[in-house]
1. Can you check what the net charge comes to around residue 14, using other residues whose Cβ is under 9 Å from the Cβ of residue 14 (Lys, Arg +1; Asp, Glu -1)?
2. Any idea how far apart residue 107 and residue 90 come out in nm if each label point goes 7 Å out from Cα toward Cβ?
3. To the nearest 0.05, what FRET efficiency results for residue 26 and residue 54 with a Förster distance of 22 Å applied to their C-beta separation?
4. Do you know the relative contact order of the range 42-105, to the nearest whole percent, from alpha carbon pairs under 8 angstrom that are 6+ apart?
5. What nm distance separates the two modelled labels at residue 19 and residue 2, each placed 7 Å from Cα along Cα→Cβ?
6. Rounding to the nearest 20 debye, state how big the charge dipole of the chain is about its Cα centre with +1 on each Lys and Arg Cβ and -1 on each Asp and Glu Cβ.
Amino acid sequence: MRRTDLQQSVLADVPNIESARMVRIELDRGQSVGVHRHPCDVAGYVLDGTIRYQRHGTEALILHPGDAFFEPRDETIAHFDNASAHEPATFLACYLLAPGVDEVIEMIDET
């Protein structure tokens with residue numbers, strides 16, 4: 001057996017976590033999720049494709065298969081886009097949910 005640490009993130013002021021929901025998400029070629037935030041911490045892993053990931057106020061990163069990412073609870077995500085106009089992208093997202101939290105994403109209208 002071989003274990004490889006992919007990411008470790010500090011969870012600030014963590015509410016009581018009741019459940020973890022793992023979701024496989026597929027983005028079409030060139031698809032953008034849009035500006036958003038989550039009511040919970042999210043840890044993820046890129047399976048296929050390339051993803052442009054940018055937390056508000058930080059430099060954009062290009063994520064590749066095998067890369068892990070972390071989206072802190074209530075932090076604005078400026079970009080989570082398929083960086084390729086030619087290939088789809090697939091990733092896993094694990095939502096760490098507090099009691100009573102069912103929605104995992106809030107879209108932000110920047111107009």
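Values quoted throughout were computed directly from the atomic coordinates according to the rules given, and no laboratory measurement underlies them. Here the structure is a predicted model, which is why all the values come from computation and not from measurement. Cβ coordinates were reconstructed from backbone atoms using ideal geometry, including for glycine residues, and neighbour counts include every protein chain displayed.
1. Neighbourhood net charge equals -1.
2. My value for the distance between the label points is 2.5 nm.
3. The formula returns an efficiency of 0.65 here.
4. The normalised contact order for the range 42-105 reaches 43 percent.
5. The modelled label-to-label distance comes out at 3.6 nm.
6. Charge dipole, the chain, about its Cα centre: 420 debye, nearest 20.
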